[in-house]
Amino acid sequence: MRAAAVLAAAALAPAVLAPAVRAAAPTQAGAPWPTMRHDTHNTGRSEIAGRWHGDRPWSFATGRGIFSTAVIGADDTVYIGSADHDFYALDAGGHERWRLRTGGIIDAAGAISRFDPRVGTAPLTFGSGDERLYHVRTDRAALPRSRRILWTYRAARRPATAQLVNWWEGNVGLAPDGTIMAGNTGGAAYALTPGGRLRWSFQTQNSVWTTPAFGADGSSYWGSLDFRAFALDRDGRERWSRPAAGYFVASPAIGLDGTIYTASFDRSVYALDPFTGDVRWSFRTGDHVYASPALGRRPAGVYAASTDGSVYALTPDGRLRWRYDTGDAVRSSPVVGLGPDGRSEIVYVGSSDGVLYALDAATGRRRWSFDTTPRDPALRDRNDLNGSPALGRRGVVIAGEHGRVWHVPYDYCRRAADARCSRDPGPPLGRNVRRVLPVSSGGSTLRSGLLPGQAPAAVLNARLVVRRDGVAIPAAMLPAPAARDLVELRPGAAVGAQLSGDGQYVHVVPRGFLRPDTRYRLRVHGRYTVTGADSTAFGDTLTFRTAPRGPAPPLGGGPDEVTALSLRRIALPMPAFLTSVNQIGFDSYDLIAGVIHAGPPRGPAGERRVLLWVIAGRERAGREVADPRGGFAFALEGRARGDAVILTARDLRLTFSFGHVPLRRFELRARLRPDLAVAPGAALYAEVTCADVPVYGAALQAIGLCNATGTLPASGTFLGERYDPLGQANRRPPGVSVGVVALRRPNATRDGEASARLRFPPGQGPVLRDRLVSLLLTDAATGRPVPLDHPRLTTWETTGGEVRRVRLRIPAGTPLPSRVRVHVLVDVYPLGSRVAGRPAFVG
């Protein structure tokens, strides 16, 4: 019975798909790349011959990282969104034509519809983190916002149980009849008319980030973070769903015979029957697959990429033709274009090493590559190309974590002398390798084996790389018996260590400061396994020199203003999974950290104790101001020695779209220059107990993100500079002072509470929508903060919007020191404090 059904489906598939070729395209006529995956079948394939016309590469800088794909219009305008909340239109030379400000990050590609005579333009639709879909005019001329926007749409459904928000992070797709479709983080797939009216919606159990692929009969094919690929009919009713052991983020593609090609975080590429969803074949890669597959014609094949760093060429029946290893995680979806001869095909893909690769589709050899890594030291380590290429008439457009949109002319690197180019046909790391290589705080594997100058507060990351005949081997280091036993640091220093869940990375965290201007040797050695049974010895020694001790930065302040830092552009590239599910979220964080206390230098090393208060910030009128709804309010305690600082939070919970994740450990390690700019190479290190992660805790363990101790270690970097006091967050609010402060201690069964009243003349108090009023409890003897989840435990009493009283609930069973200092803060300015003894206290 099943065999007959499959044969019937196979016989019908070409006839079903044939009308799609003849029907008018729903996209703008003449647009070389109108949607994220080019066409209604999501082939990721262009028929433009990639010839060089003598032009040079160009780039355009946005204000934050870019993690989406550009689309290209008929007049060669490049359209793309950024985490800086702006959507950009750039001309063919990389100059801004217009931009549109939204209220949130933009994490997905738009789509350019065919010309609509009713509005006189070929409209473009894109989504934003402000929970709106925007349908806008593509006119070149500068237009007022009211004319640029044709309509906006907010999701009609409430978010799925696994989500808290309705951000539009699904790429927009256009059905053959012009219907606009997109999925969102709230967990639904939506279909809208060109006029912005809802046709239907379909609810899943988790985020829908994929671009839908369309059959000629109106069917659409999707994937979701609820571990399913699924098909809907033209009216949004489910035809089938296919579960897997991982998220479906890759956008499905439809082959000429109707086969649905997709991929999952379970490390596999799948070929599915379009009528039943049955698996025709699957192919296993070395890590989770974020990228969407592309389909070639010459020769016919499927091109996929994995966060194991490799690009795979598969035959239509799932056999491996070739594999090319870039050496770093690949989230960029490969695309296929014609060579200069108009016959051969070239596969284009970006990698986390910042390099755009052009690979010969027949052999898998590198034809050329172009390195987009910025020269700017602050951004040099922010070079992941997690956006996917778009193929224009004259070249490849791709954007990255550095926030730049790049246009690289076809075959430029084969014709021009440019240090950013390579024509070496082989893989970057060599064919046969067994080495431990250092990894920068931004996640780049340092192929030279040399660590650049490290801060005395550095986090040292290392990666075991094993390759045989050009193929990366998933070698996992074995704890012996603990990760700390794998490392030796000379000169000696107390360090801790954690292995990544896959055993390929070890994170070495010194307990304190290393000696400045000192040559260190870090030996990493032990045994690794590939199969889980047999093991092989490995060992390497990494050398580095710590930076000389710099002058101590100014930390303190006067009666009306305190020193503050602006912390931004957080990246957590290790493990690769975190970048795949939340890189744009980390990149979009704005944090303001104000100094509550900076003690005097003590001891022969001149070490100082410091305490900072951190809140969320947002931009307003070109200034960074407090964001009371940003979800951040926590203390950083630490030490400063010269220009080096180690800052630790013990009360931090990160809010994701699915819930609040408590961090067991969170540290910022950096050098601060005299102007309070964070020097390049700053490190961020965190640890999460996997069992504490809501919704996904068991899944994280099952897919191998947690190590043998049940810990998910994360390592990354951040940028920072002096906070601009014109933003007011670090300044005393005029006329406001502290009134009565009270503390009621909790016991084993009853919550306690700290509270404070504010005094101010009428009309001069802090308004809750603009200013964040907080309480921080510290040990009056040591200055150490009491770890509490401040955003969830703080409430306010207001009069006319002005905060009159702030309360901090102290959960039952919370241990408090014998003497507690209650700090009252407005934004990050410490307005005042009171000390409470052991009895109930009113001050």
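Summary table
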item: Relative pair counts by distance (%), Cα atoms of region 384-513, 10 Å bins; result: 10, 29, 31, 20, 9, 1
item: Per residue accessible area in Å² of the chain, where ligands, DNA and RNA are left out and the probe is 1.4 Å; result: 36 Å²
item: Most to least accessible of Thr709, Thr40, Thr717 (protein chains only, probe 1.4 Å); result: Thr709, Thr40, Thr717
item: Scaled radius of gyration (Cα, divided by 2.2 N^0.38 Å) that region 758-843 gives; result: 1.13
item: Dipole magnitude of region 322-446 about its Cα centre (Cβ charges: Lys, Arg +1; Asp, Glu -1), debye to nearest 20; result: 240 debye
item: Relative contact order of region 216-361, defined on C-alpha pairs under 8 angstrom at six or more residues apart (%); result: 14 percent
item: Distance histogram in 5 Å bins (all Cα pairs of region 270-404, percent per bin); result: 2, 11, 20, 22, 19, 13, 8, 4, 1, 0, 0
item: √(5λ) per eigenvalue of the Cα gyration tensor, region 439-482, largest first, Å; result: 23, 17, 7
item: If the convex hull is drawn through the Cα atoms of region 653-712, its volume per residue in Å³; result: 112 Å³
item: Leading residue at positive end of dipole, region 728-843 (Cβ point charges), from Pro787, Ser755, Ala742; result: Ala742
item: Kirkwood Rh in Å, taken over all unlike Cα pairs in region 649-765; result: 18.7 Å
item: Helix 576-588 axis, angle to the chain major axis (alpha carbon atoms, nearest 10°); result: 60 degrees
item: Shape call, region 169-268: gyration tensor on alpha carbons, a/c limit 1.5; result: oblate
item: Scattering curve values for region 491-634, log₁₀ I(q)/I(0), Debye with Cα scatterers, q = 0.18 Å⁻¹; result: -1.24
item: Cα-based Kirkwood hydrodynamic radius, the chain, one decimal, Å; result: 28.1 Å
item: Region 368-442: C-alpha gyration tensor shape, a/c 1.5 cut-off, then a/b vs b/c; result: oblate
item: Debye intensity ratio in log₁₀ form over the Cα atoms of region 56-121, taken at each q of 0.15 Å⁻¹; result: -0.49
item: Over the chain: helical MRE at 222 nm, DSSP H runs n ≥ 4 each giving -39500 (n - 2.57), nearest 500; result: -1500 deg cm²/dmol
item: For the chain, with +1 on Lys and Arg beta carbons and -1 on Asp and Glu, the positive-most of Leu647, Pro573, Asn166 along the dipole; result: Leu647
item: Charge dipole magnitude, Cβ of K and R +1, D and E -1 - the chain, Cα centre, debye nearest 20; result: 1560 debye
item: Accessible area of His38 in the full protein assembly, 1.4 Å probe (Å², nearest 10); result: 40 Å²
item: Rg(Cα) / (2.2 N^0.38 Å) computed for region 102-143, rounded to two decimals; result: 1.23
item: The chain, relative contact order [Cα under 8 Å, separation at least 6], %; result: 8 percent
item: Carbon and sulfur %, accessible surface of region 615-715 computed with the full protein complex present, 1.4 Å; result: 51 percent
item: Over region 587-646, volume per residue of the alpha carbon convex hull, in Å³; result: 102 Å³
item: Sulfur and carbon atoms: percent of accessible area, region 290-398 [1.4 Å]; result: 47 percent
item: Dipole of the chain, positive end: most advanced residue of Gly442, Gly800, Leu272 [Cβ charges, Cα centre]; result: Gly800
item: Low-density loop positions, trypsin sites (Lys or Arg not before Pro), region 335-367 - DSSP coil, at most 15 other Cβ in 10 Å; result: Arg343, Arg365
item: Fully extended contour minus Cα-Cα distance, from Glu96 to Asp371, at 0.36 nm per residue; result: 96.7 nm
item: Cα-Cα P(r), region 730-776, percent of pairs per 10 Å interval; result: 21, 46, 22, 11, 1
item: Length-normalised contact order for region 274-357 - Cα pairs under 8 Å, 6+ apart - percent; result: 24 percent
item: The chain: angle of helix 2-22 to the longest principal axis, Cα-based, in degrees nearest 10; result: 90 degrees
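The values are calculated or read from the model by the stated rules, or taken from the named source; none is laboratory data. These figures come from a predicted structure and were not determined experimentally. Cβ atoms come from the backbone with ideal geometry, glycine included; neighbour counts cover every protein chain shown. Surface accessibility is based on the protein's heavy atoms, side chains included, excluding ligands, DNA and RNA. Shrake-Rupley method; radii C 1.70, N 1.55, O 1.52, S 1.80 Å.
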